[in-house]
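Novice: Take a look at the following structure, please.
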Amino acid sequence: MKPFHLAILVSNLEKARSFYSGVLCLKEKRSTLTSIHYDFFGHHLVLHESSLYQAMAIPKQVKLDSFSYPHFGIVLSFDEWESLRQHLESENVEFFIPPCKRFVGENHEENVMFILDPSQNIIEIKHYTQLAGTDWL
């Protein structure tokens, strides 16, 4: 696996730290006064603070079969996905889209859940039920 690098904006760095470090249990690798670098399931996620940032400026209508809003996420094994689902529920995280299965019977069938960070960035967490090697698209 080749790790990706993703940099996103957050409106409040300390609220973001509480969420990404505390709720998602990500390991903080380094930080500055205006950014935090995380190990995001083996990838490099950077949060940059911008007090003017408003992710929800884009109106969102949730339709499970056609989700076309800016978001990022991770593909996990089923055991990892289920463990994280249970953890998020124990932390009383409100799901943007609750855990469910979609595309049932298709080769890209998935267990999926969407959550919002404190800046309203959308995070998708999924598991492909028929994942075989790297053939997941």
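The values are calculated or read from the model by the stated rules, or taken from the named source; none is laboratory data. Quantities reported herein were computed from a predicted structural model and do not represent experimental measurements. A quick note on method: Cβ atoms are made from the backbone with ideal geometry, for glycine too, and the neighbour counts reach across all protein chains shown. These area figures cover heavy atoms from the full protein model, side chains too; ligands, DNA and RNA do not enter into them. Shrake-Rupley method; radii C 1.70, N 1.55, O 1.52, S 1.80 Å.
Novice: Of everything in region 6-17, what is exposed (fewer than 13 other Cβ atoms within 10 Å of the Cβ) and not hydrophobic (A, V, I, L, M, F, W, C)? Give them in sequence order.
Specialist: Correct list: GLU14 only.
Novice: Out of SER90, SER119, SER77, I need the residue that is modelled with pLDDT of 95 or more and of a type in the set (Gly, Ala, Ser). Which one?
Specialist: SER90
Novice: I would also like to ask the following. Against the conditions (1) open to solvent by less than 40 Å² (accessible area, probe 1.4 Å); (2) outside any strand (DSSP E or B); (3) more than 19 Å from HIS71 (Cβ to Cβ), where does ILE36 fall short? Just the number, please.
Specialist: Unmet for ILE36, out of (1) open to solvent by less than 40 Å² (accessible area, probe 1.4 Å); (2) outside any strand (DSSP E or B); (3) more than 19 Å from HIS71 (Cβ to Cβ): (2).
Novice: Would you be able to tell me the number of residues in region 105-119 that are crowded, with 21+ Cβ neighbours inside 10 Å and polar (S, T, N, Q)?
Specialist: Count: 1.
Okay, residues lined up against (1) β-branched (Val, Ile, Thr); (2) in a strand (DSSP E or B); (3) touching a residue at least 24 places away in the same chain (Cβ under 8 Å):
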residue	(1), (2), (3)
LEU9	no, yes, yes
LYS15	no, no, yes
SER21	no, no, no
GLU28	no, yes, no
SER51	no, no, yes
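Novice: Got at least one residue in region 43-66 being at pLDDT 95 or above, in contact with a His (Cβ under 7 Å, 6 or more places away or on another chain), open to solvent by less than 30 Å² (accessible area, probe 1.4 Å) and of a type outside the set (A, V, I, L, M)?
Specialist: no
Novice: Could you list, in sequence order, the residues of region 18-33 that are under 17 Å from the mean Cα position of the chain (by Cα) and open to solvent by 30 Å² or more (accessible area, probe 1.4 Å)?
Specialist: Hits for region 18-33 are SER18, SER21, GLY22, CYS25, LYS27, GLU28.
Novice: How many residues are of a type in the set (Gly, Ala, Ser) and either surrounded by 12 or more Cβ atoms within 10 Å (Cβ to Cβ) or farther than 16 Å from THR129 by Cα (or both) when one looks only at region 76-104? Give the derivation first.
Specialist: Taking region 76-104 and keeping what is of a type in the set (Gly, Ala, Ser), we get 77, 83, 90.
With either surrounded by 12 or more Cβ atoms within 10 Å (Cβ to Cβ) or farther than 16 Å from THR129 by Cα (or both) added as a condition, the list becomes 83, 90.
Counting residues in region 76-104 that are of a type in the set (Gly, Ala, Ser) and either surrounded by 12 or more Cβ atoms within 10 Å (Cβ to Cβ) or farther than 16 Å from THR129 by Cα (or both) gives 2.
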